[in-house]
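Notes follow once the structure below has been shown.
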Amino acid sequence: MPHYGAAVNSPPSSSRLLPKATPETQHFWSGISQEKLLLQACNDCSKHYFPPRPFCPNCGSHSVLVTQSTGKASLLSYVISAKPAPGLEAPYIVAIVALHEGPQMMTNIINCAPSPDSLHIGMPLRVVFQRQNDEVSLPLFEPAEHK
């Protein structure tokens, strides 16, 4: 089973910090590698949730299933970082998006100028998968009207 590079390791300064799959998140990262955004949904209360966990955070049920997201989202909040981070040149956009299915996710917005003139709360977004290396891709978001 591949490991996705733990953020606790000291990566080379030019590489982005990458997540490490756990037993609870393995299905999510396997889906991302196939360009599928997978969420979990509760069989009892029908709520979708993220991040992955073995029980529903809404009702506590352990009867959960994995479903594929539409990849559609809207922008809830963002910050434009003026400080570089490993693998990210400033400025870049860190955002919280609301997925069409309900859960919220922290991510980066790409293919959009890092300017308040280009971003607005509620703007429609769609998922894009950005390969980081031979084993890891990340789910990022871009404006839905981006071609």
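The values are calculated or read from the model by the stated rules, or taken from the named source; none is laboratory data. What you are looking at is a predicted structure, and each value in this text was computed from that prediction instead of being measured. Heads up, the Cβs are rebuilt from the backbone with ideal geometry, glycines too, and the neighbour counts pull from every protein chain shown. Surface accessibility is based on the protein's heavy atoms, side chains included, excluding ligands, DNA and RNA. Shrake-Rupley method; radii C 1.70, N 1.55, O 1.52, S 1.80 Å.
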**Request:** Among Cys45, Ala90, Pro19, flag the residue with its Cα farthest along the positive direction of the charge dipole of region 9-114, charges on Cβ as +1 for Lys/Arg and -1 for Asp/Glu.
**Result:** Ala90
**Complete:** Computed on Cα atoms only, the convex hull of region 90-134 has an orientation-averaged projected area in nm² of 4.0 nm²
**Prompt:** Per the Debye formula with a single identical scatterer at each Cα and no solvent contribution, what log10 I(q)/I(0) holds for region 54-105 at q = 0.16, 0.17, 0.24 Å⁻¹?
**Reply:** -0.68, -0.72, -0.92
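Quickly estimate the mean residue ellipticity at 222 nm for the chain, helices only: each DSSP H run with n ≥ 4 gives -39500 (n - 2.57), and the total goes over all residues, rounded to 500.
Computed ellipticity for the chain at 222 nm equals -1500 deg cm²/dmol.
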**Message:** Output wanted: per-residue J couplings in Hz (rounded whole) for region 67-72, from phi through Karplus 6.51 cos²θ - 1.76 cosθ + 1.60, θ = phi - 60°, x for Gly and Pro.
**Reply:** 10, 8, 6, 5, x, 8
**Prompt:** Could you give me the ³J(HN,Hα) list for region 123-139, computed from phi with Karplus coefficients 6.51, -1.76, 1.60 and θ = phi - 60°, whole Hz, x at Gly and Pro?
**Reply:** 4, x, 10, 9, 6, 9, 10, 10, 5, 9, 7, 5, 10, 10, 10, 10, x
**Message:** So the label point goes 7 Å from the Cα of Glu145 along Cα→C-beta, right? Which residues of region 97-117 then have their backbone N under 17 Å from it?
**Reply:** 110-117
**Item:** Other-chain or far-sequence residues with amide H under 5 Å of Lys47's (modelled H)
**Value:** Cys42
**Asked** Just how many pairs of Lys in region 3-147 have C-alpha atoms closer than 26 Å, counting pairs that are eight or more places apart or on different chains?
**Response** 9
**Asked** What figure in square angstrom, to the nearest 10, would you give for the accessible area of Asp117 with a 1.4 Å probe?
**Response** 150 Å²
**Asked** Amide H neighbours of Ala21 under 5 Å, counting only residues 5+ apart in sequence or on other chains, H built in-plane at 1.01 Å?
**Response** Tyr4
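With only alpha-carbon pairs counted, each pair once and no self-pairs, how large is the Kirkwood hydrodynamic radius of the chain in angstroms?
16.2 Å is the Kirkwood radius here.
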